[in-house]
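Sharing a structure, written as structure tokens. Questions coming.
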Amino acid sequence: MVPLVVHGLWSRGRGIVLWGEHGDRPATTSMRPSSSARPHPFAASVADLTALHPGKPASAVLLLPSRRGGPVASPELGSRGRPQQELTLEPWSVPALLIDPSELGDLAGTVSYGTSVRHLRAVVRLADDLVRRGRVLPTLVRNEIVARARWRPVARGGDAVALRALIAATPPVGRAAHPGPSPAAPVPDALHTPVDAALR
């Protein structure tokens, strides 16, 4: 069992969110099931995360597969708990770190990173490649109050194929934010933001 696994997801309005699981902490909690988020019993602390990457301390609520007594560990962490129990999706609160997309290009070699981090790296690489090749256009993004000028990627041909593949390959933990967007939403949003930031 590895001691620490770091996961990532894209949070609209906040950007890339890292959180982690510790293999050497208790896997269960004595609290009963609840509709409100409970502290994840073996989540990594903010101090654990900031030792790996600079960023802004935060917290996140995630919908994770759970059994009676606690969340199920990710496959990267290894088996914990009783596999015969039925799984449900339950909200769990985890310490988190908001990082710049550039941090995904320099991962620490002392811990294990989950498939969600590798997936986010692929999204950021596609964004960087589209900017480098000038595959961007200015547009107006409207909300209920104002319209703002933004740069948006133009994904056509092979780029569109790559984007669809990234959407299809989004790991479940990459869609675990609660409340979360539609399954396809995190990838386009994660692509748009670094493209716009790179051109400002």
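No lab work stands behind these numbers, since they all come straight from the coordinates. Computed from a predicted model, the values in this text were never measured in an experiment. All Cβ positions, glycine included, derive from the backbone under ideal geometry; neighbour counts span all protein chains shown.
Sequence-distant or interchain residues sharing an amide H contact under 5 Å with G23, placed H: which?
L4, V5
Take the chain, mark every one of the GluC sites (Glu not before Pro) that falls in a DSSP loop and has at most 11 other Cβ within 10 Å, then report the longest stretch left between them, sites excluded.
Answer - 1-85.
Using a 7 Å offset from the Cα along the Cα-to-Cβ direction at both V146 and K56, what is the distance between the two label points in nm, to one decimal?
According to this spin-label approximation, the distance is 1.7 nm.
Candidates (1) 289; (2) 135; (3) 183; which is the computed volume of the Cα convex hull per residue in Å³?
Of the listed options (1) 289; (2) 135; (3) 183, (2) comes from this structure.
Turning to a different aspect of this structure: Between beta-carbons, use under 11 Å as the cut-off and find the net charge around V154, counting Lys and Arg +1, Asp and Glu -1.
Taking every Cβ under 11 Å from that of V154, the sum is +3.
Given points 7 Å out from each Cα along the Cα-Cβ axis, report the L107 to R133 separation in nanometres with one decimal.
With each label point 7 Å from Cα toward Cβ, the separation is 2.4 nm.
Can you give me the long-range amide H partners of E90? Hydrogens built in the peptide plane at 1.01 Å from N, cutoff under 5 Å, separation of 5 or more residues or another chain.
L64, S66
While we're here: Could you order peptides 51-57, 66-72 by the average number of other Cβ atoms within 10 Å of their residues, highest first?
In descending order of packing, they fall as 66-72, 51-57.
Remind me, relative contact order of the chain in percent, using alpha carbon pairs under 8 angstrom and six or more residues apart?
RCO, the chain: 26 percent.
Rounded to the nearest 0.05, what FRET efficiency is calculated for A198 and E86 with R0 set to 35 Å and r the Cβ-Cβ distance?
0.15
About the Cα centre, and with charges only on the beta carbon of Lys, Arg (+1) and Asp, Glu (-1), how big is the dipole of segment 115-198? Nearest 20 debye, please.
180
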